[in-house]
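What follows is a single structure, written as C-alpha cells, with notes after it.
The values are calculated or read from the model by the stated rules, or taken from the named source; none is laboratory data. Note that this is a predicted model, so its numbers are computed, not measured. Note that we place each Cβ from the backbone using ideal geometry, even for glycine, and neighbour counts take in every protein chain shown.
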Amino acid sequence: MDLIIATLATWQIVEIWHHSSLMAPLRARTEMWTGKLGELLGCPWCLSIWVGMLCGVLLVSEDAFWLSRVGSIAVYGFAISRLANLGNDVFKSYCRTPHVTFEDWDDTNSIG
C-alpha cells in the first residue's frame, strides 16, 4: 500500500511543479539554471525519481518520529489529491457541477 501511496504522491508533486501557476515563478527561475540541478527540475521523468525516493523514505522511516509523521501526512495528502483529480477526470461527464470559464462569469457573479 505504501508503494501505491508514494506513487500517487510523486505523480501529484511532479504535476504541481510542472503545470501549476502557483509554481510558475519558481519554475521560471530554475529553468535558467545551468547544470545538473536545473536539468533535474526541468525534466519530469528525472524529478519523479528523486521525489519518489523522498516519498518512499518519508513513508517508511521511523527513526525521526516527527519527520515520519509530518512527512507521511504530506505524502498521503498529495496522494489523496491525485486520486481526487483522477476521479474527476474519469467521472467528469457524470459530475453535477458545471464547468465555468472566465468568459462565462459576468460582473454580477452569475453564469451568463
Inset, instruction - Count, please, the residues in segment 68-91 that happen to be among the aromatic types (Phe, Trp, Tyr) and exposed (fewer than 14 other Cβ atoms within 10 Å of the Cβ). - result: 1
Inset, instruction - Might you let me know whether segment 32-45 holds any residue that is on the phi > 0 side of the Ramachandran plot and at pLDDT below 85? - result: yes
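Kindly indicate whether any position in segment 78-90 is charged (D, E, K, R), under 20 Å from the mean Cα position of the chain (by Cα) and modelled with pLDDT of 90 or more.
Within segment 78-90, the subset charged (D, E, K, R) is 82, 89.
Add one more test, that the residue is under 20 Å from the mean Cα position of the chain (by Cα), and what stays is 82, 89.
Still in the running and modelled with pLDDT of 90 or more: 82.
Among the residues of segment 78-90, at least one is charged (D, E, K, R), under 20 Å from the mean Cα position of the chain (by Cα) and modelled with pLDDT of 90 or more, which makes the answer yes.
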